[in-house]
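A.B. asks: Below you'll find the structure I mean.
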There are 2 protein chains.
Amino acid sequence: MLSHQRDLTRFIGAFVDELAKSGIRKVVVSPGSRSTPIAMLLAEHPHIKTIVHIDERSAAFFALGIAKSTNEPVALLCTSGTAAANYYPAIAEAYYYRVPLLAITADRPHELRDVGAPQTMDQVDLYGKHVKWFVDMPIPESSEKMVRYVREVCSRAVYTAKARPFGPVHINFPIREPLIPDLEDPQKFSAGSRKHVPLSIGRKMGTDEMLQSFGKDWPEKGVIVCGPMEYIDENFQREIIQVAKKFGYPILADPLSNLRSGSLEKEEIIDTYDSFFRNENVRHGLKPEIVIRFGAMPVSKPLLFYLQDHQDVPQYVVDGGMGWRDPAGSASQMIYCDETAFCEMLLNSIDHSSMRPKHWLKRWVKMNNRVKKQLDVISIDDLSEGKIAHQLTELLPDQACVMVGNSMPIRDVDTYFHRTDKSIKLLGNRGLNGIDGIVSTALGASLSEEHTYLLIGDLSFYHDLNGLLAAKQYGLKLTVILINNNGGGIFSMLPQAKHPSHFESLFGTPINLSFEYATRLYGAKYEKVETWSDFSNAMEKAKTDEGLTVIEVITDRRKNAEIRRRVMEAVVQEIDYLE
Amino acid sequence: MLSHQRDLTRFIGAFVDELAKSGIRKVVVSPGSRSTPIAMLLAEHPHIKTIVHIDERSAAFFALGIAKSTNEPVALLCTSGTAAANYYPAIAEAYYYRVPLLAITADRPHELRDVGAPQTMDQVDLYGKHVKWFVDMPIPESSEKMVRYVREVCSRAVYTAKARPFGPVHINFPIREPLIPDLEDPQKFSAGSRKHVPLSIGRKMGTDEMLQSFGKDWPEKGVIVCGPMEYIDENFQREIIQVAKKFGYPILADPLSNLRSGSLEKEEIIDTYDSFFRNENVRHGLKPEIVIRFGAMPVSKPLLFYLQDHQDVPQYVVDGGMGWRDPAGSASQMIYCDETAFCEMLLNSIDHSSMRPKHWLKRWVKMNNRVKKQLDVISIDDLSEGKIAHQLTELLPDQACVMVGNSMPIRDVDTYFHRTDKSIKLLGNRGLNGIDGIVSTALGASLSEEHTYLLIGDLSFYHDLNGLLAAKQYGLKLTVILINNNGGGIFSMLPQAKHPSHFESLFGTPINLSFEYATRLYGAKYEKVETWSDFSNAMEKAKTDEGLTVIEVITDRRKNAEIRRRVMEAVVQEIDYLE
């Protein structure tokens, strides 16, 4: 074996082996030449599964989907040049939504950088401020010292990705030709004398000082807000519900808090605030004395108004990931504490024998129930976008996972998807709310979910059609509910809709695609439905179908905006009357 | 009119108007909300044409294609978040290939940055080192001073993009709600008292000192190498041919130098070096005494070996864009001088009355002609990938423009596309050589070309299928020659091919797509051909067809690699015999 090949094999092999030792099980690989030794050694490693995806943009969102669903870091590998630049959207989404990813990029060696060599870009700090850690590796060497070093970088990278706030990390490997490793080298995955160095991560606990800062008594009228959480933590869910119960506080639960479904107790869960907060009187009538907020900012704009309306009351923002989640500018105190530990601290701080009277909570529950009945009227409309979100809890099987697209789907789910005892996991890309990469995120999630659904609009589906290749190549099971209103439905709800001169060309943007051809391209089962009964039949059938199914629902943007407006007006008037 | 709306309208309006005054005629717009005022004012401006493209990745490559074809800067507009990250691949390609682009991104205002606001990422320096200039604009104001400032930034941005080295520029606009400008404002495009400040760009001329550095006499055995040029400069083409003529030097012309076609004199143009330099004896037998190189590094690897073999002779690299184009590490002198001016200087420096004897040149011409005849054997093979490149000059109409895909198509063209008097413009994305964005680049070029063709492989076509939407939406005319060898053909030529265990899964990567469905999705005419006569008939028919036509040619990766190997071996043996 030539010394170059030994250096290459053992240095890269050590990295790959350490990936496995650090807990990486899946690597999404996009083909390329410069990345050859890494790809081949990954494919050789007994504990790593490689998944090949040609389009690096989709590949990165696919990895994001796996990581979201499992809350375990997933690695990505691509070659040099624009391949690596294609990761950027998913990397940025992962950074803001706090999803553990490890991007591994191959690069030309130093002497070929910035001298006009082919397929060579400056990959140092390629993703700028949107990764937690970047390392530009040295040229492979197989000395004990360098094998130790590459293993350190690897495990440290994986642990950095999975230490809070979770997020992406980027490792860049300059590699010289020839690029073929020696797969017969018995020492290719050898650690020498080095033991794997695991990382133990402490838990950020509340302190006495923190507790004292809250004052002696918790007011009666408290509100808990739970926004999108980066992953489903059952301990946290249990504890937050105990806090709500003991304190008599309602929990305003964003759909991506995943508190609206499953076997949790749900008496305190409020899931129609997006509707009733549209009424200013209600926002004022339900003035809180304290707000405790967890997770990212919820999707509901009326909830944002509620928080802004009551900037005069204490608003605590609890974030174990140590961000500054306060777009409303209404926070009165930032609390960097593990969310579950925070709940435990609160529960320990109060007298358990005395339960509070629940007048305050009952007002919320009553409002929630009344509004829910109002919102049920949507189920009369035949096959509207809102009705689909409203009926998901009926239509989906237990243990379903739903990836919810951005723009209108997540808003419809926020408004219409209500509490259910079924276990339905909701996922969304709410770090940057892009319409890109949604298909691939759903397919990534499908790897570890029982039955995955995707609720998505036509523009977003078009944007990541390439993602469907993974379904075809790997026989993945996914049911796509494609809401085709031929364009950007959200703009019909925005002020832009009042300016007809450029509306359709700049905002409505109908694309007039017959998606049936796209489904044939990727070997999907396809059904176009125009009535509710056809839709529910198709959904029933999809439960037992294997592989990729696309149910295309044709709706009308204008009509849909009109229905939404009508339902919201009815709610607002009804609750005015109630108050 | 509210003061906010006036500020918004006049600040953004001034920017838009200045874009037009600075020469921007086309803006590729991807829909979004935050970018609303910019999009609406662009659509209102009488001298700007907006082209809407949903997928920002394709949109940016589409703009790149327009800019490549016209060598005029093109602007891009998108909303905040991942939308802007999707521009990254095309921005990086533009940076390395030196294409003038202006990326305009909308952003949240400062107070909503890094506080968990929706769709908000850190867009300051978003593209890192891959833009020539970045400006984070202030919040819109309509004072005389600020309208003057925004106009200055705008024209400076456009001029920066089109000063050598051409390249991308990024302007980021933080904008507060409400987002609707007042299109009725008569002063929306007003410049106040400010006059447009044009930029005059000087020409980097050769100096006496430079001329002296070359020594007194030019040796007999000189070689001119002309690599990919960022744009077609007819003056340069004329002058370089005069230099070759007067000095008796051959010009080794990369296909993207565009010296192989058109009405230029071509006696000195050598276009088969990629074949004959595979023979080491030939490389040594044609040892030069001096090399003068223009443009980026040619695609041919054998040419790289030739330059490396002769590091002992003076090798001048002339670059008016002031890079360091020397991946071979063989340059003996870097010359920062306008390429045309350099040629003029050389022509002025020699005695015009005495023409050199042309023994040296004749050896090259003879070799070129003999090898060309050898390469003609490929035309016997029925419908091979090489034959398609070889016969392009026959099949294409005059004034055709061909976007050539990366990986194998550009290599086939390099080997087999020979001199022709037809005017055939060749384009390629050789900044980073990605397989991404190629379809969109071709479609962008088609806006200003008579008849545009795209020669592309199946993986690359798949990668940018989304790009086809522009063809459908705008009725663009493009003929795609889709070489479908079901996977990554280039790897069959590389050492990876000798390692069968992971070859098909990691490198061959067959994707088994029936592209006919993709063509139906985007309303293309489609023909699948399996014989040469079907192919040439389809090409003939495409000449007069309007809109998008896809001619899919089914080939076999292994067989194709075998043909290439056979032809190259024949050439190498033949020339060994000749020498």
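The values are calculated or read from the model by the stated rules, or taken from the named source; none is laboratory data. All of these numbers come straight from a predicted model, not from anything done at the bench. Here the Cβ is made from the backbone with ideal geometry for all residues, glycine too, and neighbour counts use every protein chain on show. Keep in mind that these areas ignore ligands, DNA and RNA; they rest on the heavy atoms of the full protein, side chains included. Shrake-Rupley method; radii C 1.70, N 1.55, O 1.52, S 1.80 Å.
A.B. asks: Just to confirm, what accessible area per residue do you get for region A:3-174 at 1.4 Å probe, in whole Å²?
C.D. replies: In whole numbers, region A:3-174 has 24 Å² accessible per residue.
A.B. asks: Oh, and also: For region B:377-473, build the convex hull from the C-alpha positions and give me its volume per residue in Å³.
C.D. replies: That works out to 104 Å³ per residue.
A.B. asks: Let me ask something else about it. Other chains near A:110-118: what is the mean number of their Cβ atoms within 10 Å of each residue's Cβ?
C.D. replies: On the way: counts 0, 2, 2, 1, 6, 9, 14, 6, 12.
Taking the mean over all residues of the peptide, I get 6.
A.B. asks: Projecting each Cα onto the charge dipole of region B:418-475 (Lys/Arg +1, Asp/Glu -1 at the beta carbon, about the Cα centre), which of B:HIS463, B:THR441, B:ILE424 comes out farthest on the positive side?
C.D. replies: B:ILE424
A.B. asks: Relative to the longest principal Cα axis of chain A, at what angle does helix A:88-97 sit, 0 to 90 degrees, rounded to 10?
C.D. replies: In chain A, helix A:88-97 runs at an angle near 50 degrees to the longest axis.
A.B. asks: Aspartates and glutamates within cross-link reach of B:LYS188: Cα-Cα under 20 Å, excluding same-chain residues under 8 positions apart?
C.D. replies: Reachable aspartates and glutamates: B:ASP7, B:ASP17, B:GLU18, B:GLU44, B:GLU141, B:GLU144, B:GLU152, B:GLU177.
A.B. asks: Hey, another quick one. Extending each Cα 7 Å along its Cβ direction at B:LYS49 and A:GLU267, get the distance between those two points in nm, one decimal.
C.D. replies: 6.8 nm
A.B. asks: Compute the label-point distances linking B:SER533 to its equivalents in the other copies; points lie 7 Å from Cα along Cα→Cβ; give nm, one decimal, shortest first.
C.D. replies: 5.7
A.B. asks: Going 7 Å from Cα along the Cα-Cβ axis for the label, what nanometre distances separate A:ILE380 from the same residue across the other copies?
C.D. replies: Ordered by distance, the counterparts are at 8.1 nm.
A.B. asks: Here is a further query. Got a sec to turn the phi values of region B:551-558 into Karplus ³J(HN,Hα) couplings, 6.51 cos²θ - 1.76 cosθ + 1.60 with θ = phi - 60°, whole Hz, x for Gly and Pro?
C.D. replies: Couplings: 9, 9, 10, 8, 10, 10, 4, 5 Hz.
A.B. asks: How big is region A:208-372 in terms of Cα radius of gyration and Dmax, in angstroms?
C.D. replies: So, for region A:208-372, Rg and Dmax equal 14.5, 42 Å respectively.
A.B. asks: How much accessible area is lost when chains A and B come together, counting both sides, with a 1.4 Å probe, in Å² rounded to the nearest 100?
C.D. replies: 6800 Å²
A.B. asks: Could you calculate the contour length gain from B:ASP376 to B:ARG164, that is, 0.36 nm times the residue separation minus the distance between their Cα atoms, to one decimal place in nm? Don't jump to the answer; show the numbers that get you there.
C.D. replies: On the way: separation 212, 0.36 × 212 = 76.32 nm, distance 3.98 nm.
72.3 nm is the gain from fully extending B:ASP376 to B:ARG164.
A.B. asks: Go through region B:492-505 residue by residue and turn each phi into a ³J(HN,Hα) via Karplus (6.51, -1.76, 1.60, θ = phi - 60°); whole Hz please, and just put x for glycine and proline.
C.D. replies: 5, 9, 9, x, 3, 4, 7, 10, x, 4, 10, 4, 5, 6
A.B. asks: While we're here: How many angstrom separate the Cα center of region A:219-279 from the Cα center of region B:473-513?
C.D. replies: Going from one Cα centre to the other spans 50 Å.
A.B. asks: Continuing with the same structure: Solvent-accessible area of A:ARG194, probe 1.4 Å, all protein chains present, reported in Å² to the nearest ten, please.
C.D. replies: Answer for A:ARG194: close to 20 Å² accessible.
A.B. asks: Evaluate E = 1/(1 + (r/R0)^6) for A:ASN369 and A:GLU234, where r is the Cβ-Cβ distance and R0 equals 30 Å; express this FRET efficiency to the nearest 0.05.
C.D. replies: 0.70
A.B. asks: Still on this structure: In a shell of Cβ-Cβ distance under 13 Å around B:HIS47, excluding B:HIS47 itself, what net charge do Lys and Arg (+1) and Asp and Glu (-1) give?
C.D. replies: Working: positive: B:LYS21, B:ARG25, B:LYS26, B:LYS49; negative: B:ASP17, B:GLU18, B:GLU44.
Within the 13 Å Cβ shell, the charges total +1.
A.B. asks: Dipole size in debye (nearest 20) for region B:179-322 around its Cα centre, Lys and Arg Cβ +1, Asp and Glu Cβ -1?
C.D. replies: Numbers: 17 positive and 22 negative charges, 21 e Å.
With Lys and Arg at +1 and Asp and Glu at -1, about 100 debye.
A.B. asks: Could you name every residue in region A:73-88 that has 40 Å² or more less accessible surface in the full protein assembly than in its own chain alone (probe 1.4 Å, ligands and nucleic acids excluded)?
C.D. replies: Buried by 40 Å² or more upon assembly, which counts only protein chains, are A:THR82, A:ALA85, A:ASN86, A:TYR88.
A.B. asks: Explain nothing, just compute: Karplus ³J(HN,Hα) = 6.51 cos²θ - 1.76 cosθ + 1.60, θ = phi - 60°, for every residue of region B:36-41 in order, whole Hz, x for Gly and Pro.
C.D. replies: 3, x, 5, 4, 5, 6
A.B. asks: Taking amide H positions as placed 1.01 Å from N in the peptide plane, with prolines and chain starts having none, which residues 5 or more places from B:LEU426, or on another chain, fall under 5 Å of its amide H?
C.D. replies: Those lying under 5 Å, H to H, from B:LEU426 are B:VAL402.
A.B. asks: Once the dipole of region B:208-372 is set up with Lys and Arg at +1 and Asp and Glu at -1 on Cβ about the Cα centre, which of B:PHE236, B:GLN212, B:LEU303 lies farthest towards its positive end?
C.D. replies: Going by the Cα projections, it comes out as B:LEU303.
A.B. asks: Same structure again: Based on alpha-carbon positions alone, could you give the equivalent ellipsoid semi-axes of chain B from the gyration tensor, as √(5λ), descending, whole Å?
C.D. replies: They are 44, 31, 20 Å, listed largest first.
A.B. asks: May I ask for the equivalent-ellipsoid semi-axes of region A:381-578, computed as the square root of five times each C-alpha gyration tensor eigenvalue and listed largest first in whole Å?
C.D. replies: With the √(5λ) rule applied to region A:381-578, the semi-axes are 27, 21, 15 Å.
A.B. asks: From Cα pairs below 8 angstrom and at least 6 apart in sequence, can you work out the relative contact order of chain B, rounded to a whole percent?
C.D. replies: About 14 percent, as a whole number.
A.B. asks: Okay, next question. Could you tell me how far the Cα centroid of region A:112-148 sits from the Cα centroid of region B:185-201, in Å?
C.D. replies: 45 Å
A.B. asks: Oh, and also: At A:TYR336 and A:VAL124, where each label point lies 7 Å from the Cα along Cα→Cβ, what is the point-to-point distance in nanometres?
C.D. replies: 3.0 nm
A.B. asks: Provide a whole-number value for the mean count of partner chain Cβ atoms within 10 Å of the Cβ atoms in peptide B:430-438. If you can, show how the numbers build up before the last one.
C.D. replies: On the way: counts 2, 7, 10, 6, 11, 8, 9, 2, 0.
That average works out to 6.
A.B. asks: If you wrap a convex hull around the alpha carbons of the protein assembly as shown, what volume per residue comes out, as a whole number of Å³?
C.D. replies: 175 Å³
A.B. asks: Around A:SER30, with a cut-off of 12 angstrom between Cβ atoms, what is the net charge of the other residues, counting Lys and Arg +1 and Asp and Glu -1?
C.D. replies: Neighbour charge sum, excluding A:SER30 itself: -1.
A.B. asks: Amide H neighbours of B:LEU548 under 5 Å, at least 5 residues apart or on other chains, H built in the peptide plane: list them.
C.D. replies: Those qualifying (amide H under 5 Å, at least 5 residues apart or on another chain) are B:LEU478, B:LYS525.
A.B. asks: Further, regarding this structure: Hey, for a label at B:GLN308 modelled as a point 7 Å past Cα toward Cβ, could you say which residues of region A:26-48 have their backbone N under 17 Å away?
C.D. replies: Hits in region A:26-48 for B:GLN308 at 17 Å: A:34.
A.B. asks: Further question on the same structure: Treating the Cα atoms of region A:162-226 as identical point scatterers in vacuum, please give the log10 of the normalised Debye intensity I(q)/I(0) at q = 0.14, 0.16, 0.24 Å⁻¹, two decimals.
C.D. replies: -0.83, -0.97, -1.19
A.B. asks: Pairs B:LYS245/B:LYS266; B:LYS266/B:LYS422; A:LYS387/A:LYS472; B:LYS132/B:LYS162; A:LYS145/A:LYS195: which exceed 21 Å Cα-Cα?
C.D. replies: Beyond 21 Å: A:LYS387/A:LYS472.
A.B. asks: Probe radius 1.4 Å, ligands and nucleic acids left out: which of A:GLU111, B:GLU339 has the largest accessible area, and how do the rest follow?
C.D. replies: Ranked from most to least accessible, the order is A:GLU111, B:GLU339.
A.B. asks: Hey, with R₀ at 41 Å, roughly what FRET efficiency would A:GLU562 and A:HIS359 work out to, going by the Cβ-Cβ distance, to 0.05?
C.D. replies: 0.60
A.B. asks: Could you tally the net charge around B:LEU468, taking each other residue with its Cβ under 12 Å from the Cβ of B:LEU468, Lys/Arg +1 and Asp/Glu -1? Show your work: numbers first, answer last.
C.D. replies: Values: positive: B:LYS472, B:ARG520; negative: B:ASP55, B:ASP464.
Around B:LEU468, the charge tally is 0.
A.B. asks: Relative to the compact-globule scaling 2.2 N^0.38 Å, provide the ratio for the alpha-carbon radius of gyration of region B:3-174.
C.D. replies: On the way: Rg = 14.5 Å, N = 172, 2.2 N^0.38 = 15.6 Å.
Compared with the compact-globule rule of thumb, region B:3-174 sits at 0.93.
A.B. asks: Oh, and also: Give me the distance between the Cα centres of region B:329-390 and region A:536-579, rounded to whole Å.
C.D. replies: Spelled out, the Cα-based centre of one part sits 67 Å from the other.
A.B. asks: I need to check one value: relative contact order of region B:48-205, counting alpha carbon pairs closer than 8 Å and at least 6 residues apart, in percent.
C.D. replies: Relative contact order here is 25 percent.
A.B. asks: Does a label point 7 Å from the Cα of B:SER193, set along Cα-to-beta-carbon, have any residues of region B:136-166 with amide nitrogen under 13 Å, and which are they?
C.D. replies: Correct set: B:144-145, B:148.
A.B. asks: Right, something else. In what sequence, highest mean first, do B:250-257, A:42-49, B:444-451, B:217-224 appear when ranked by Cβ atoms within 10 angstrom?
C.D. replies: The densest-packed peptide leads the list: B:250-257, B:444-451, B:217-224, A:42-49.
A.B. asks: Work out the length of the dipole vector of the protein assembly as shown about its Cα centre, built from +1 on the beta-carbon of each Lys and Arg and -1 on the beta-carbon of each Asp and Glu, and round it to the nearest 20 debye.
C.D. replies: About 680 debye.
A.B. asks: Loop only by DSSP, 14 or fewer other Cβ within 10 Å of the Cβ. Give me the trypsin sites (Lys or Arg not before Pro) in region A:97-162 that pass, ordered by residue number.
C.D. replies: Of the trypsin sites (Lys or Arg not before Pro), not one in the loops of region A:97-162 has a Cβ with at most 14 other Cβ atoms within 10 Å.
A.B. asks: At a Förster radius of 60 Å, what calculated FRET efficiency corresponds to the Cβ-Cβ distance of B:SER448 and A:ASP351, to the nearest 0.05?
C.D. replies: 0.15
A.B. asks: Moving on. Please give the residues from region B:459-502 for which the solvent-accessible area of heavy atoms, probe 1.4 Å, is smaller by at least 50 Å² with all protein chains in place than with the chain isolated.
C.D. replies: The answer is B:TYR462, B:HIS463, B:ASN466, B:GLN496, B:HIS499, B:HIS502 - residues whose exposure falls by at least 50 Å² when every protein chain is included.
A.B. asks: Place the label 7 angstrom along Cα→C-beta at B:LEU2 and in each other copy, then list the distances from the first to the rest in nm, shortest first.
C.D. replies: The projected label point of B:LEU2 is separated from its counterparts by 6.9 nm.
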